[in-house]
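One structure is given below, encoded as structure tokens.
The values are calculated or read from the model by the stated rules, or taken from the named source; none is laboratory data. Everything quoted here is computed from the prediction, not taken from an experiment. Here the Cβ positions follow ideal geometry from the backbone for every residue, glycine too, while neighbour counts run over all protein chains shown. Just the protein is used for accessible areas: all its heavy atoms, side chains included, with ligands, DNA and RNA removed. Shrake-Rupley method; radii C 1.70, N 1.55, O 1.52, S 1.80 Å.
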Amino acid sequence: MARPSTPLLSREQILRAALDLLDTTGELGLPKLARRLDVGTSSLYHHFKGGREELVEGLRGLLTEDSMPTVVLAGEGWQDFTRRWARRYREAFVAHPAAVPLMTAQTVSHPSTLASYEMLAQVLHDAGFDDEELLHAVTVLDNFVLGSALDASAPVEVWADSGRADSPLSRAIRATKAQPGDRSERAFHLGLESLLTGLERLRDDQG
């Protein structure tokens with residue numbers, strides 16, 4: 001029997017199916033993915049010889065390569081670039097929160113994602129962050145963004161309202177409900193600005 005003129009599967013088809021599996025089940029197992037694609041598990045290894053680890057890095061790239069910035073815009077200072085980097089990074093994972101634990105469980109190696117981190121590091125370096133503190137700054141930003149992406153999928157009511165008039169938490173819950181817009185989005189902006197203020201102080205203290 002003649003071989004098909006086009007491959008039955010492509011890397012992108014596999015990655016899209018893997019992302020769908022992750023979104024719908026919260027899990028990413030190669031046997032389950034193969035069944036979803038109606039192929040043998042060996043077919044997946046044909047495209048991803050590194051197995052699950054390579055597949056996860058492929059997902060990282062799928063979610064970030066067209067969203068995370070790799071260039072500084074004209075007139076963009078380090079804080080403005082970091083704001084844009086954080087917003088775009090968060091947007092990439094808000095719709096796919098189940099991907100976050102996978103991304104944090106292994107070393108970042110996808111070229112386009114690394115390029116964006118490299119640019120963030122370059123921007124911070126040029127702004128005056130020294131080598132001893134720069135990676136910590138990147139880590140804090142990374143942790144905050146991924147945590148915020150998870151928060152975006154949290155229940156509308158994260159904390160139960162006790163209804164007690166003397167409870168600061170319950171009063172805050174009710175006050176927040178009355179505010180316009182999305183709670184998680186507002187918290188993200190508050191946290192990001194707080195981080196930028198703290199990082200600026202850290203940079204200035206280095207001098």
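The C-alpha atoms of the chain define a longest principal axis, and helix 51-64 lies at about 50 degrees to it. With contacts taken as Cα pairs under 8 Å at a separation of at least 6 residues, the range 113-207 carries a relative contact order of 30 percent.
Using a 1.4 Å probe on the protein chains only, how many percent of the accessible area of the chain belongs to carbon and sulfur? Write out the running numbers ahead of the final one.
Values: 6520 of 11860 Å².
Roughly 55 percent of what the probe reaches on the chain is carbon or sulfur.
Each Lys and Arg contributes +1 and each Asp and Glu -1, all at the Cβ; summed about the Cα centre of the range 120-177, the dipole is approximately 700 debye.
Can you give the relative contact order of the range 29-120 as a percent, counting alpha carbon pairs under 8 Å and 6+ residues apart?
Working: 62 pairs, mean separation 30.7, N = 92.
In percent, rounded to a whole number, it is 33.
Under a model in which nothing but the beta-carbon of Lys, Arg (+1) and Asp, Glu (-1) is charged, the range 69-207 shows a dipole of about 760 debye around its Cα centre. Label separation (SER10 vs VAL108): 2.7 nm, computed from points 7 Å beyond Cα along the C-beta direction. Excluding ligands, DNA and RNA, the accessible surface per residue across the range 78-188 is 54 Å² with a 1.4 Å probe. With the charge dipole of the chain set up from +1 on Lys and Arg Cβ and -1 on Asp and Glu Cβ about the Cα centre, the Cα lying farthest toward the positive end among the listed residues LEU22, GLY50, LEU199 is that of LEU22.
Do any trypsin sites (Lys or Arg not before Pro) in the range 119-175 lie in a DSSP loop with no more than 10 other beta carbon atoms within 10 Å, and if so, which? Before the final figure, lay out the partial values.
Working: sites: ARG164, ARG171, ARG174; in loops: ARG164.
Here the trypsin sites (Lys or Arg not before Pro) that fit, given the DSSP loop and packing criteria, are ARG164.
Using only alpha carbon pairs under 8 Å that are at least six residues apart, calculate the relative contact order of the chain and give it in whole percent.
Numbers: 149 pairs, mean separation 36.9, N = 207.
Contact order relative to length: 18 percent.
Using only the Cα atoms of the range 93-207, build the gyration tensor, take square roots of its eigenvalues as a ≥ b ≥ c, and label the shape rounded, prolate or oblate: rounded if a/c is under 1.5, else prolate if a/b is larger than b/c, else oblate.
On the way: a/c = 3.02, a/b = 1.62, b/c = 1.86.
Verdict is oblate for the range 93-207.
Computed over the range 1-103, the range of Cα coordinates on each principal axis works out to 61, 31, 20 Å, biggest value leading.
Once you have a ≥ b ≥ c as the square roots of the Cα gyration tensor eigenvalues for the range 83-139, tell me rounded if a/c is under 1.5, and otherwise prolate or oblate according to whether a/b is larger than b/c. Don't skip to the end; give the middle numbers.
Working: a/c = 2.16, a/b = 1.71, b/c = 1.26.
Prolate is the answer for the range 83-139, as a/c is 1.5 or above and a/b outweighs b/c.
The helix-based estimate of mean residue ellipticity at 222 nm for the chain, built from -39,500 (n - 2.57) per DSSP H run of four or more residues and divided by its residue count, is -21500 deg cm²/dmol to the nearest 500.
Among the listed values [x] 1.00; [y] 1.07; [z] 0.94, the one matching Rg/Rh (Cα atoms, Kirkwood Rh) as calculated from this structure is [y].
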